[in-house]
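Before any comments, here is the structure.
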Amino acid sequence: HRAAEEVRADFQRRVPYSYLQRAYIQLNKLEEAADAAHTFFMANPEHMEIQQDIENYKTTAGKVNLIDREAKPHMEDYSAGVRHYDKEEYELAIEFFERALKAYYSEDEECQIMCEGPQRFEEHEYLEYKAGLYEAIADHYMQVLVCKHDCVRELATRSGRISPIENFLPLHYDYLQFAYYRVGDYVKALECAKSYLLFHPDDEDVLENAGYYEGLLEDTLDPDTIKPRKEAKMLLRRHKLESHLLQMAAASLGFVYTEPNYWNRYGARQDEHSVPSSISSEPEDGPRLSLGKKPVSKTDRELKEGGPLLYSDVKFVYNSQQLNGTQRVLLDNVISEEQCRELHRVASGIMLAGDGYRGKTSPHTPNERFEGATVLKALKYGYEGRVPLKSARLFYDISEKARRIVESYFMLNSTLYFSYTHLVCRTALSGQQEKRNDLSHPIHADNCLLDPEANECWKEPPAYTFRDYSALLYMNADFEGGEFIFTEMDAKTVTASIKPKCGRMISFSSGGENPHGVKAVTKGQRCAVALWFTLDPLYRELERIQADEVIAMLDQEHLGPNEMNINPKDEL
């Protein structure tokens, strides 16, 4: 019996643990509930309600040791190795990386075995399958081979994720070659360097390292006697043979096969916080970790900033360097005090609790009420006379002003389109502010799923992967708390904190280079215009296009709605 695809998908996403958490709560087993919530959250880091539940468990149950019940040993050991490496605890790092490798090869063997057995003929219906016996046998074994070949990707993918950690297996040897050097074991350092070079024979840094290690060893032994590790050599040989067979079969049997790049060297985000280079602490002729020269983030455009602000009244405050990050800018006086007041009056007349979050009045924290409204809704209310039309248009105009500033300051060579425009307010709920340890909006990135444990941001659904830039334009300062914060990818280390006030705008690129959140609003109401932009016209905000059409009609000789044959009661 094979489980249905829907059931398999639910188990892949660890959905049963969400139910288990609720069941344990009913039984008042808080530690088990916390473990179930944590296990679910590890595969669903974008799930903010579960994140809040975990924080509540920490408060109510005291100190809890959160356990991932579905943890993969090789992945856990690898992550532990990276953490010890970051702390320059090289002996411990070596222990965990070696354990990770042993577990990896064991998992690989199991993955290969699991590919045997019945396969799904995705391109054929069983009852309509008309191939001959030999074709059917070949088709079956090609699917088995594709499954086995994909074990490399399977073992490099964290639970619940779609994208693998690129270059995952070679990274073990890269970390190890440098760690062994730091503890003085040059034989093992050379062995691991040569193992890494099996995957990337043209890596200049590791080639240089290997030469350096050979020089250290040449007085005591023949460096040529040090060989790459046998298991790495065997796996890579098998992998190449699988690829060759698949490409031959594709040509002979007439199906399409494209070989993925399983060993991409430039996969993971790397910076001085996650992978320290040895350059700063070693002589110039000493070894270096090959990761040290990798780019911070993948992008198909040149990153610039410092372009004109377009409006004389807008005041520059801080750039990326002053905000300790990449593609960040802080501006003041984007709108005036009077415009802030008028916008606030509009907000009070059009906002709906839980707007944009399926009616959930407290989507991010139970200690605040969330309200919001879109540009089109503001114009609709203006037509109906529920708010002044001039005020509704102000919302439209200032968001366009913000878009033009962002496009100009970051010196973008193509048009920046609206992806989503939202007027939002967060209100502290009375009687619920004592001993708060949560955030108004948890740390996240705007176009990828932030995974602090892995020091990664996965650019895959359900994240809004098409978003390129973000901006927040603040309307008031008469509240307590609510500071906007940037953090490192660990979602803990704060790199910049910004106190909102009328006319202040923070803008930044939407990727994993800019994790951010909002501190708890503990008194009063915090309001802002939240803006997300895209460079891809396919993902333009539909309501914005409709709003543009309404504004165009308004601008035609300043005609009223009745003169344009528009029924104010109709949905625009």
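The values are calculated or read from the model by the stated rules, or taken from the named source; none is laboratory data. What you see is a predicted model; the values in this text were computed from it and never measured. Positions of Cβ are generated from backbone atoms using ideal geometry, with glycine treated the same way; all protein chains shown enter the neighbour counts. Side chains are part of the model used for accessible areas, which takes the heavy atoms of the whole protein and leaves out ligands, DNA and RNA. Shrake-Rupley method; radii C 1.70, N 1.55, O 1.52, S 1.80 Å.
Summary table
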{"quantity": "Largest-first principal axis extents, alpha carbons of the stretch 446-520, Å", "calculated": "37, 25, 17"}
{"quantity": "Expected 222 nm ellipticity per residue - DSSP helices of 4 or more, -39500 (n - 2.57), all of the chain, to 500", "calculated": "-13500 deg cm²/dmol"}
{"quantity": "C-alpha center-to-center spacing [the stretch 196-245, the stretch 478-510] in angstrom", "calculated": "46 Å"}
{"quantity": "Accessible surface of the stretch 5-71, 1.4 Å probe, proportion on carbon and sulfur as whole %", "calculated": "50 percent"}
{"quantity": "Debye, to nearest 20: dipole size of the stretch 99-253, +1 on Lys, Arg Cβ, -1 on Asp, Glu Cβ", "calculated": "400 debye"}
{"quantity": "Whole-number percent relative contact order across the chain, with pairs defined as alpha carbons under 8 Å at least 6 apart", "calculated": "11 percent"}
{"quantity": "Computed FRET value (nearest 0.05) for GLU231 with ALA71, which takes r as the C-beta separation and R₀ as 30 Å", "calculated": "0.85"}
{"quantity": "Cα-Cα pairs of the chain separated by more than 30 Å (percent)", "calculated": "61 percent"}
{"quantity": "Euclidean distance between Cα centres, the stretch 332-395 to the stretch 9-84, Å", "calculated": "36 Å"}
{"quantity": "Cβ charges +1 (Lys, Arg) and -1 (Asp, Glu), total dipole of the chain, debye", "calculated": "1820 debye"}
{"quantity": "Accessible area of the stretch 99-253 divided out per residue, in Å², using a probe of 1.4 angstrom", "calculated": "54 Å²"}
{"quantity": "Accessible area per residue in Å² at 1.4 Å probe, computed on the stretch 5-71", "calculated": "60 Å²"}
{"quantity": "Normalised convex hull volume, the stretch 1-111, alpha-carbon set, Å³ per residue", "calculated": "137 Å³"}
{"quantity": "Carbon + sulfur, % of accessible area of the stretch 320-553 - ligands and nucleic acids excluded, 1.4 Å", "calculated": "49 percent"}
{"quantity": "Charged-residue dipole, Cβ positions (Lys, Arg, Asp, Glu), the stretch 5-71 about Cα centre, Debye nearest 20", "calculated": "200 debye"}
{"quantity": "Distance between modelled label sites at VAL183 and GLU259, nm, 7 Å Cα→Cβ extension", "calculated": "3.6 nm"}
{"quantity": "Length added when fully stretched, GLU480-SER336, from 0.36 nm per residue minus Cα-Cα", "calculated": "49.7 nm"}
{"quantity": "Degrees between helix 542-555 axis and first principal axis of the chain (Cα, 0 to 90, nearest 10)", "calculated": "30 degrees"}
{"quantity": "Dipole of the chain [Lys/Arg +1, Asp/Glu -1 at C-beta], most positive-end residue of THR534, VAL64, ALA547", "calculated": "ALA547"}
{"quantity": "Unit charges at the beta carbon, dipole of the stretch 99-253: most positive-side option, PRO228, ALA156, LEU216", "calculated": "ALA156"}
{"quantity": "Degrees, to the nearest 10: 389-409 long Cα axis against longest axis of the chain", "calculated": "40 degrees"}
{"quantity": "Packing rank of 342-351, 237-246, where each peptide gets the mean count of other beta carbons within 10 Å, highest leading", "calculated": "342-351, 237-246"}
{"quantity": "In sequence order, calculated HN-Hα J values of the stretch 176-190 (Karplus, 6.51, -1.76, 1.60; Hz; x Gly/Pro)", "calculated": "5, 4, 7, 5, 5, 4, 5, 9, x, 9, 6, 5, 5, 4, 5"}
{"quantity": "Debye-sum result for the stretch 99-253 in log10 I(q)/I(0), which assumes one identical scatterer on each alpha carbon, at q = 0.13, 0.14 Å⁻¹", "calculated": "-0.73, -0.80"}
{"quantity": "In nm, spacing of pseudo-spin labels at GLU135 and GLU88 (7 Å Cα→C-beta vector)", "calculated": "6.6 nm"}
